[in-house]
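Please read the structure below before turning to the comments.
The values are calculated or read from the model by the stated rules, or taken from the named source; none is laboratory data. Please read these numbers as outputs of a predicted model, since none were measured by experiment. All Cβ positions, glycine included, derive from the backbone under ideal geometry; neighbour counts span all protein chains shown.
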Amino acid sequence: MPDLSINFAGIKSPNPFWLASAPPTNSGYQVMKAFDAGWGGAVWKTLGVPVVNVSSRYGGVNYRDKRLIGFNNIELISDRPLADNLREIEEVKKHFPHHAVIASLMVQSREEWHQIVRDVTNAGADGIELNFGCPHGMCERGMGSAVGQEPDVLRTIVEWVMEVAQIPVIVKLTPNISDITEPARAARLGGADAISLINTIQSIVGVDLDLFAPYPIVDGKGTNGGYCGPAVKPIALNMVKNCAQDPYVQLPISGIGGIENWRDAVEHILLGASSVQVCTAAMHFGFGIIREMTAGLEQYMAEKGFHTIYDMVGKALPNVKHWEELNLKYKVTANIHEDKCIGCQLCYTACEDGAHQAIALREGTRVPEIIEENCVGCNLCSLVCPVENCITMERTDDGTEQLTWKERTLADTIPTTFNDERAGGLHHWVPEPTAALGKEKHKTLPGKARQITNVAPAPHDTVRQP
Amino acid sequence: MAEFFPPASEQEFHANFAQLKPRMNTTEALYESSRCLFCFDAPCIKACPTGIDIPQFIRQINTGNVTGAALTIYEANYFGNACGKVCPTEVLCEGACVYNLQDVKPIEIGRLQSFATRQVIESHKHLFEPGQPNGRKVAIIGAGPAGISCACELRALGYEVDVFEAKSQPSGLTVHGVAPYKITNEEVLAEMDYLQTQFGYRVQYNSPITSRPDLLALEEAYDAVFLGIGLGKTNALLLPGEECENCVGAVEFIEQLRREHHQILVGRKVIVLGGGNTAMDAASESARLGAEDVILAYRRGKDDMGAYDFEYDLAKSVGVKGLFNVSPLEIIGNGRVAGVRFIRTTTVDGQVQAVPGSEFVEDCDMVIKATGQAKQTTFLSLIPGLQLDSKGRIMADTHTYQTTNPQYFASGDALNGGAEVVNAAAEAKVAARSIHAYLSAR
Ligand SMILES: Cc1cc2nc3c(=O)[nH]c(=O)nc-3n(C[C@H](O)[C@H](O)[C@H](O)COP(=O)(O)OP(=O)(O)OC[C@H]3O[C@@H](n4cnc5c(N)ncnc54)[C@H](O)[C@@H]3O)c2cc1C
Ligand SMILES: Cc1cc2nc3c(=O)[nH]c(=O)nc-3n(C[C@H](O)[C@H](O)[C@H](O)COP(=O)(O)O)c2cc1C
Ligand code: SF4
Ligand code: SF4
Ligand code: SF4
């Protein structure tokens, strides 16, 4: 049985799954319920200055019939009295001494920071997370992302906190910045023990077409909010990777953003996270999702022979390179497995209109055909194909040659003319522009467009038998 | 058997004849439309006789543009709602859906189609209007799917249109013939109202055109005449005892069923003669009316039946039993049916042959003859120059549906010998455009 426990910068937790600081960690009631369900830790909903929230706070992005692939909120930090939260932290710790309770904090002055750090430490928190991320409402008051976007300010505040901190301090970063490593380095310089990322991304999730206002709508108006949920995972993964690979950061990372199942968690871990935090998924499906997450993680670790989480932290990092270090000699081409193909021809139209005209239609069958000379191996067809493993990308170079852009640059052989033979280059076939006209006239005309001249004969073959 | 009790009220009737393709709710439509792959040159379009741009209307439903979806449907097929419910989609659009090749349930195109169209019908959304009047007039005989579709299209092209209908309601067999579990009368008629309100053609009900003078009047008063008369009564069997009171034709039985619902009487043991779709319908309907035994008697083997497999399955699912390789010799009874004398048959080289000495009597108290509808040859012979083929179908140009009398055009069952609502709708639209082309060129 793999060991799921972690020691994250000194914070111990029975598993790497923490609830992120958000509504699911708003109260002792919820945190206890979560621990009971199997969560390893919880970052308490951010504590700090008094706030007032609006009614109508969330907006969602649905994709076709899938709800909340993206989620957005205009909520502020905890609106419950600090004293209540402190008392509840204490109570939770009494019941769950081995689970991780991390207090998320956001205040303004040095004195306030000192006071609140002492308060939560006295309440028994195992660690502190500094919320420098919230992209709305708090930044206007000089907090949240207003701090996270100014590495110098961030560093100063971290230093204030470190002056009194007796427990590990995590700095939570905002993604609303062009280079995430800058605030990460500042956190390190300020003396922080770890970083967590990402907080929400500034966003407008949609506009009401009748009211002409952005969602969520508050009395006819709206504002930019913070975006999270499955849709942000790719952005989070890239930022986690950037911090993990940066030689000047070198801090434990708590990965956050779009984690909803064990796979998402493993991806964050393989790119350098050693704990993961979840918000939207718990808000969408409740605490019960933890069972699938731990079961999946255990299964994966057992299959891969990983004994502890640390056997896999950052395991994909060596394979994440700069573009210039990729092998230009590597080549794949698409293969259609005819037996699986259902003839939707999405691959054809995708390649024809959106790529390299490397797929042809044939008479008498709806199964398209790859024109291997034209296939640049872009993957597009295999991505649009609705059938599992129906289009596979197969390697066609012999695997002996290796040449990168970097090597070509060093060898002074970077091209001076357009001669990439695979795509668009001198020797690459591209149809004549006018060949586009009437190219798809074989398509079935919808009824509306049918003219008398090309109407099919009376369909006697469909005659209903008496 | 008796899976169904005889319905005693309208409510019980609707329970026994519950809709096979019930209306989708918005959530269901969202889920189902999300599954559509938006195929390139989609095979479903090709399989729809009216060529509805199916992926387009499904995408419109999915993006919340239900009105746009309905427009896409109606632009290709004026019987959009009816077709969504009554089309044999298993052998048309849904049968062609690529999901079948993966053994995944095909998209429920018919139900999505009705989802969109019903919404505009109920909200009286104005989608069409008559074209600029062009001063020409067309007479349409028959207010069935063919006649009404032709009327809509001609009105859109600016024609003045008068429809002459023998019966008191529009839509032909859609309301008089199609099985009640496929579509309700109210639903059919609501779509007819919806179309007439927008296109403004005139319909004269209870106005059969029956004589040469009737036809002459039309020929003189109108630039063209469209024949959408469908087929006639059930063919006679020419067997002794056929005149018994409760030996009825399937088409006549079904028409009465659609009109009288639970007030129609059905036997306790019913024998349906025939192996086509109408036979399947009549058998299913008898069972749903509470008949204790329903026997489907067919001259050849099960696999030789003309009916679609899914129609036979549907009949079987309500308890109908098949009796194959039998040929009726006589309807037994004294004024009322008491049984049918059959002889067993074998098929040799495609020919049905009686097996000597194999006669037997199957008792029953009702016989429904589903032996095909007669063609309206007598009436059609009143039209000068109009030629029929050997099967009594109107002969016409296969592209324009212009008959051998150039003033006459035809579509639907009268032309194709008996197909589906969707075929009549498809042909009539084309016929209307060729009337326009023909008259414009004159
Ligand atoms: C029992 C049965 C079940 C069916 N089930 C289905 C089904 O489930 N799905 C499906 O798609 N199709 C079904 N069909 C077929 C479908 O109903 C027809 O293909 C379709 O209705 C043909 O349309 P039409 O306009 O050509 O003829 P019809 O629908 O027959 O309409 C002809 C109209 O013309 C009128 N008329 C005829 N002669 C004259 C005259 N001389 N003067 C004035 N008016 C006249 C008639 O009263 C009628 O209203 C079924 C048919 C039958 C018989
Ligand atoms: C409604 C809501 C309120 C949040 N409040 C806080 C907060 O008070 N403090 C904080 O650090 N992050 C807050 N977050 C951000 C989350 O902790 C988390 O960083 C972000 O949602 C990304 O994770 P996810 O993709 O799992 O949701 C909030 C998020 C949401 C949706
Ligand atoms: S996308 Fe896949 S299933 Fe569709 S035609 Fe191409 S290979 Fe076949
Ligand atoms: S009209 Fe009939 S065949 Fe055509 S798409 Fe609609 S349900 Fe399918
Ligand atoms: S074949 Fe099926 S999946 Fe493809 S467009 Fe038609 S309904 Fe959609």
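The set of residues from the range B:88-118 being in contact with a Phe, Trp or Tyr (Cβ under 9 Å, 6 or more places away or on another chain) and within 12 Å of chain A (Cβ to nearest Cβ) comprises B:Pro88, B:Val91, B:Pro106, B:Ile107. The criterion of at least 1 residues that are out of contact with any helix residue (DSSP H, G or I) (no Cβ under 9 Å at 6 or more places or on another chain) and modelled with pLDDT under 95 is met, among helices (runs of 4 or more DSSP H) falling completely within the range B:329-442, by B:421-441.
Here B:Ile121 passes the criteria (1) more than 12 Å from every other protein chain (Cβ to nearest Cβ); (2) over 26 Å from B:Pro170 (Cβ atoms) except the one numbered (2).
Restricting the first member to the range B:222-250 and to residues that are closer than 27 Å to B:Thr174 by Cβ, and the second to residues that are surrounded by fewer than 19 Cβ atoms within 10 Å (Cβ to Cβ) and of a type in the set (A, V, I, L, M), the beta-carbon pairs closer than 6 Å and six or more apart or on different chains are B:Gly232/B:Ala374; B:Lys233/B:Ala374; B:Asn235/B:Ala374. Among the residues of the range B:222-253, what is the count of those that are surrounded by 19 or more Cβ atoms within 10 Å (Cβ to Cβ), in contact with a Cys (Cβ under 9 Å, 6 or more places away or on another chain) and part of a loop (DSSP other than H, G, I, E, B)? Looking only at that region, the number is 2. Here the condition is being within 25 Å of B:Leu20 (Cβ to Cβ), in a helix (DSSP H, G or I) and within 16 Å of ligand 4 (Cβ to nearest atom); of B:Ile121, B:Ile107, it holds for B:Ile121 alone.
Surrounded by fewer than 18 Cβ atoms within 10 Å (Cβ to Cβ) and out of contact with any Lys or Arg (no Cβ under 6 Å at 6 or more places or on another chain): is that true of A:Gly220 in this structure? Talk me through it step by step, then tell me what you get.
Working: surrounded by fewer than 18 Cβ atoms within 10 Å (Cβ to Cβ): yes; out of contact with any Lys or Arg (no Cβ under 6 Å at 6 or more places or on another chain): yes.
In short, yes.
Any residue at all in the range B:392-402 that's within 21 Å of the chain's Cα centre (by Cα) and under 26 Å from B:Glu243 (Cα atoms)? Within the range B:392-402, one or more residues are within 21 Å of the chain's Cα centre (by Cα) and under 26 Å from B:Glu243 (Cα atoms).
Give the number of residues within the range B:60-75 that are more than 8 Å from ligand 4 (Cβ to nearest atom) and either surrounded by 24 or more Cβ atoms within 10 Å (Cβ to Cβ) or within 10 Å of another protein chain (Cβ to nearest Cβ) (or both). Outline the logic, then answer.
Narrowing the range B:60-75 to residues more than 8 Å from ligand 4 (Cβ to nearest atom): B:60-72, B:74-75.
Applying the additional criterion that residues be either surrounded by 24 or more Cβ atoms within 10 Å (Cβ to Cβ) or within 10 Å of another protein chain (Cβ to nearest Cβ) (or both) yields B:61-64, B:69-72, B:74-75.
So the count comes out to 10.
Taking the range B:84-97 as the search range and keeping residues that are surrounded by 24 or more Cβ atoms within 10 Å (Cβ to Cβ), of a type in the set (A, V, I, L, M, F, W, C) and farther than 19 Å from B:Gln60 by Cα, which one is nearest to ligand 3 (Cβ to nearest atom)?
Initially, the range B:84-97 is screened for residues surrounded by 24 or more Cβ atoms within 10 Å (Cβ to Cβ), giving B:84-87, B:89, B:93, B:97.
Add one more test, that the residue is of a type in the set (A, V, I, L, M, F, W, C), and what stays is B:86-87, B:93, B:97.
Filter again for farther than 19 Å from B:Gln60 by Cα, leaving B:86-87.
On the way: B:Val86: 31, B:Cys87: 26 Å.
If we take residues in the range B:84-97 being surrounded by 24 or more Cβ atoms within 10 Å (Cβ to Cβ), of a type in the set (A, V, I, L, M, F, W, C) and farther than 19 Å from B:Gln60 by Cα, then B:Cys87 is nearest to ligand 3 (Cβ to nearest atom).
Please enumerate the residues belonging to the range B:254-284 that are of a type outside the set (Gly, Ala, Ser), within 14 Å of chain A (Cβ to nearest Cβ) and part of a helix (DSSP H, G or I). Result: B:Ile254, B:Asn277, B:Thr278, B:Met280, B:Asp281. Scanning the range B:285-301 for residues that are more than 23 Å from the chain's Cα centre (by Cα) and within 14 Å of chain A (Cβ to nearest Cβ) returns B:Arg299, B:Arg300. Every test in (1) within 14 Å of chain B (Cβ to nearest Cβ); (2) over 23 Å from B:Ile54 (Cα atoms) is passed by A:Ile371 save one, and that test is (1). Scanning the range B:157-179 for residues being surrounded by 24 or more Cβ atoms within 10 Å (Cβ to Cβ) and in a strand (DSSP E or B) gives a total of 2. Here A:Ala83 meets each of (1) under 20 Å from A:Val31 (Cβ atoms); (2) part of a loop (DSSP other than H, G, I, E, B); (3) among the small types (Gly, Ala, Ser) with one exception, condition (2). Counting only residues that are in contact (Cβ under 8 Å) with a residue 40 or more places away in the chain, outside any strand (DSSP E or B) and under 28 Å from A:Lys233 (Cβ atoms), the range A:42-80 holds 8 of them.
Condition test on B:Gly142, is it at pLDDT 95 or above and away from ligand 5 (no atom under 14 Å from the Cβ)? Yes.
Does B:Glu10 satisfy being among the acidic types (Asp, Glu), buried (at least 21 other Cβ atoms within 10 Å of the Cβ) and modelled with pLDDT of 95 or more?
Values: among the acidic types (Asp, Glu): yes; buried (at least 21 other Cβ atoms within 10 Å of the Cβ): no; modelled with pLDDT of 95 or more: yes.
No, not satisfied.
How many of the residues in the range B:58-87 are of a type outside the set (Gly, Ala, Ser) and within 16 Å of ligand 5 (Cβ to nearest atom)? Quick ask: steps written out before the conclusion?
Restricting attention to the range B:58-87, the residues satisfying the condition of being of a type outside the set (Gly, Ala, Ser) are B:58-63, B:65-67, B:71-75, B:77-79, B:81, B:83, B:85-87.
Still in the list and also within 16 Å of ligand 5 (Cβ to nearest atom): B:58-63, B:72-73, B:77, B:83, B:87.
Here the count works out to 11.
Evaluate the following for B:Ala151: is it under 21 Å from B:Gly80 (Cα atoms) and assigned to a helix (DSSP H, G or I)?
Working: under 21 Å from B:Gly80 (Cα atoms): yes; assigned to a helix (DSSP H, G or I): yes.
Spelling it out, B:Ala151 is indeed under 21 Å from B:Gly80 (Cα atoms) and assigned to a helix (DSSP H, G or I).
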